[in-house]
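In what follows, a single structure is set out as structure tokens and then discussed.
What follows draws every value from the coordinates through simple rules; no lab data is involved. Everything numeric in this text was worked out from a predicted model, so none of it was measured. Every residue, glycine among them, receives a Cβ derived from its backbone with ideal geometry; neighbour counts consider all protein chains shown.
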Amino acid sequence: MKTNTVKDLMVSLSKYATVTEDASLYDAVQALKKAQKEFSNSQYPHRAVIILDKDNQVVGKVSQLDVLKALEPKYQEMHDRTGLAKYGFSRKFMKSLLTHHHLWDTPLQNICRKGASIPVSSFMETPTDGEFIEETANLDEAIHQMVLGHHQSLLVLKDGTVTGVLRLTDVFDAFSKIIEQCPTDAGE
């Protein structure tokens, strides 16, 4: 399969999990599960939900990790104070944070019940300029943008409107197929 542009690999927004910004965490999880079942033509399930405003314009994105972080509000406090998300730590240190900050002290069932009513607008990630790419852009540009921005996906634009999502998994899959076709020089 030859792919030249972002449009060739993107997942159409109509096939992606979406909810409105007034939806709850529960609604987002249900939309993601439904989209994963319906999008069976890929070996890679969706890992995020796109958030739409009242005019059906994309205003945010919620990843699986965002959902888990939203269930324990103390994560945001820790991140704000220490910026831990940027650094790697030993398991021992990470476990000590769990105890020290009383994370997940409440039984998971109780946290989930309470968390299900949290509006997605309170924990969604608002896309930055570097997370958008034009449908007509080539894959080299998309890879460059993903690598430099550490993005798992890019929102694809046509005439200023989001039309789809370019996922890192799909880009990597296409790239790996290109590599498989390259001759190897075993003697060098």
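For D159 and I179, the difference between the fully extended length at 0.36 nm per residue and the C-alpha to C-alpha distance is 3.9 nm. Coupling constants for the range 136-142 follow from the phi torsions by the Karplus curve (6.51 cos²θ - 1.76 cosθ + 1.60, θ = phi - 60°), and in residue order they are 7, 5, 7, 5, 4, 5, 5 Hz; glycine and proline get x. Among 153-161, 125-133, sorting by the average number of other beta carbon atoms lying within 10 angstrom of each residue, highest first, gives 153-161, 125-133. Between amide H atoms placed 1.01 Å from N, distances below 5 Å from L157 occur with I133, E134, E135, T163, all of them 5 or more places distant or on a separate chain. Modelled spin-label separation between L148 and S121, with each label point placed 7 Å from Cα along the Cα-to-Cβ direction: 3.3 nm.
Here's how it looks for G60: its modeled amide H is under 5 Å from those of I51, which are all 5 or more places away or on a different chain. Extension gain for K54-K37 works out to 3.5 nm (0.36 nm per residue, less the C-alpha to C-alpha distance). Within the set K69/K114; K33/K61; K34/K158, which residue pairs have Cα atoms separated by over 21 Å? Over 21 Å apart, Cα to Cα: K34/K158. What the phi angles of the range 144-158 give under the Karplus curve with 6.51, -1.76 and 1.60, with θ = phi - 60°, is a coupling list of 4, 5, 5, 5, 5, x, 6, 9, 7, 7, 10, 8, 9, 10, 9 Hz, glycine and proline written as x. Close amide H pairs (under 5 Å, H built 1.01 Å from N) link V11 with V165, L166, R167, residues at least 5 positions away or on another chain.
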